[in-house]
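Note sheet for the following structure.
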Amino acid sequence: QVKKQCDQKLLIRMKTKCVPCSLNFGTQCPAGYTKITNGTGTPDCRYYLEIKTHTLSFPGCRHRCVKEFEQPECCQGHWGPDCMGK
C-alpha cells in the first residue's frame with residue numbers, strides 16, 4: 001500500500017501580553033496552547049501605564065506558548081482533496 005497522505009506537523013509559537021513580572025505567575029496561554037516558560041516567564045518586554053498626560057514604560061514579563069498543528073498534505077506525486085490523484 002502506497003502512502004498517499006503525508007501530513008506536516010507545524011509548531012505555532014506565540015507570547016502572552018506583557019505584564020508586571022510579579023503578576024505573571026498566573027498568566028495562562030490561550031486554549032490549545034502549552035506554556036513552555038515557568039514562574040514569572042521571560043523578562044523581555046515593556047508594558048505601559050498612562051498617568052494623566054504621561055505614559056510610563058516599565059520592564060515586564062510574558063510567557064511563551066506553543067501549539068502543535070497537523071496540516072493535511074498529500075505525499076509527493078499525489079493530489080486532490082483525498083490525495084488519490086497521481
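The values are calculated or read from the model by the stated rules, or taken from the named source; none is laboratory data. Values in this document were obtained by computation on a predicted structure and should not be read as measured data. So basically every Cβ, Gly included, is an ideal-geometry build from the backbone, and we count neighbours across all protein chains shown. Heads up: the accessible areas ignore ligands, DNA and RNA and are worked out on the full protein's heavy atoms, side chains in. Shrake-Rupley method; radii C 1.70, N 1.55, O 1.52, S 1.80 Å.
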task = Can you send over the carbon and sulfur percentage of the accessible area for region 8-74, probe radius 1.4 Å, protein chains only?
result = 55 percent
Highest-MSF residue in the chain out of 11, 56, 23 [GNM, Cα springs under 10 Å] = 56
message = Can you compute the charge dipole magnitude of region 1-71 about its Cα centre, using +1 on each Lys and Arg Cβ and -1 on each Asp and Glu Cβ, nothing else charged? Give it in debye, rounded to the nearest 20.
response = 120 debye
request  = Could you please report the charge total around residue 13, scoring K, R as +1 and D, E as -1 over all other residues with beta-carbon less than 13 angstrom from its beta-carbon?
outcome  = +4
remark   = Here the cysteines of the chain lacking a cysteine partner under 4.7 Å (Cβ to Cβ) are none
Coil-residue GluC sites (Glu not before Pro) of region 23-86, DSSP, other Cβ within 10 Å capped at 12 = 73
ask   = Accessible area per residue of the chain at 1.4 Å probe, in Å²?
value = 77 Å²
request  = Order 40, 55, 16, most accessible first, counting only protein heavy atoms with a 1.4 angstrom probe.
outcome  = 55, 40, 16
